[in-house]
1. Which of these, V273, V406, V32, has the largest mean-square fluctuation under a Gaussian network model of the chain (Cα springs below 10 Å)?
2. If I stretch the segment between L49 and Q275 completely, what's the gain in nm (0.36 nm per residue apart, minus their alpha carbon distance), one decimal?
3. Counting pairwise Cα distances across the stretch 144-208, what percent come out greater than 15 angstrom?
4. What do you get for the angle between helix 349-361 and the principal long axis of the chain? Use alpha-carbon atoms, 0 to 90 degrees, nearest ten.
5. What does the charge count near D309 come to, summing +1 for each Lys or Arg and -1 for each Asp or Glu among other residues with Cβ under 12 Å from its Cβ?
6. What number in nm² do you get for the chain if you take the convex hull of its Cα atoms and divide its surface by four?
7. Where both partners of a DSSP beta bridge lie in the chain, what percent of those bridges are antiparallel, to the nearest 5?
8. Under 8 Å for C-alpha pairs, at least 6 residues apart: give me the relative contact order for the stretch 148-273, rounded to a whole percent.
Amino acid sequence: MNVTVLTAIGDPRREAELAAGLHDVDLGVTVVRRCVDLADLLAAATAGLAEAVLLSADLRRLDRSAVQRLRAAGLAVVALAADDLPTRSRLERLGIDAVVADGSPAKGVAAAVVAAVGGRRALSSDADPPYPGEPTVVEDPEAAAGTVIAVWGPAGAPGRSVVAVNLAAELAGLGHPTLCVDLDTYGASMAQLVGLFDEGSGVAAACRAANLGSLDLATLRRLAVEVRPRLRMLTGITGSHRWHELRSASLDVLLDRARRAFRYVVIDVGFCVEQDEELSYDTVAPRRNGAAVDVLAAADLLVAVAAADPVGIARFVRSLADLPQPPSGRRSITVINRVRRAAIGRGDPAQQIALALGRYASIDDALLIPDDPATADTAVAAGRTWPEAAPSSPARLAVRELAQRVAGVATAARGPRRRARLLQVRG
């Protein structure tokens, strides 16, 4: 087995020493190019010049996104690093295949490179490999996997963010540690809804830490602001121009850590899920709507929110076709927000909405949240959630019922005149 290798080692002397050692003796490894920096390395990897990369842990600008690009080009990635646990753990979180102690002889380095390439070949011959770069050591092995809830709705402000924030508050009120994440790349607003300053973005900071391999459970909890007991929030980006900071490689790590740290992770994914970028570019360029698409593909539960008026229902029905194919086993709940007779016309609003959803979207059950402007205005003005601002309001009671259904808590019927009701979670 002869393996072609690219090298990118910060110390020129060490790189020359290794290259000479690998060349003088037939160890099954051939250095085909010595790259001067990360940009040179990525260009050579994309050109298909080698099967593996040998780099130093201190290579400038080395992060998870760069490693993902190397892996996407089909290369095994081996790093030379100090022989200590923190450094090895960080490199594993970046997605490095193997770590070799800096100072190891050429024979040991060659063996690690050959083994890493052999592992990659075995994976590709058997089946699609799992997403690379997850640590082999579980940080909290006793923690149960949390539930990721994606809250989505079409354009037109159906109240998606308000539903997400208050659903998270209700789940926390039921005694479950809950994380609320603002992942709307067009108009983040969750911080304002709960009265937080948003000079800094919690979700962007978490993604940066993930990209650098330093996002552990303690760091995630530190970056997530405590809103109320058992409820924390990662605030959104402070401008839509920062969307490129929320990349797939980082979000995968963020979701993994969030599942370990919280029982429920409620994510506002924004409205736009178009994937035209994949048709326009044959590159690994970041996608404007990639954050929403990635979360929808990973979520255990989809809460789809529509506005209760003819325009809102029409937008909702048309936008359903744009949603990515759901993963196997994902549940979904349809929520119709701000239900009021004046916007529907004659007849019972619940009945009219049910007829429209059944006819045009084949949805035969939904949760209806009644229009309650007084509660909404009071909560926003005070920067508080609905359970705090108006605990007995009709809208709050409807969202509490939604949270109870999500958490598997039995709900008591409140009589035939109840306007907000959850009939059944669609499988």
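Just so it is clear, none of the values below were taken in a lab; they were calculated from the coordinates. For clarity, every value in this text was computed on a predicted model and none was experimentally measured. Please note: Cβ atoms are built from the backbone with ideal geometry, for glycine as well, and neighbour counts cover all protein chains shown.
1. V32
2. Fully extending the segment from L49 to Q275 adds 78.3 nm.
3. 57 percent
4. For helix 349-361, the angle is close to 40 degrees.
5. +3
6. Computing the convex hull of the Cα atoms and averaging its projections yields 22.4 nm².
7. 10 percent
8. Relative contact order comes out at 44 percent.
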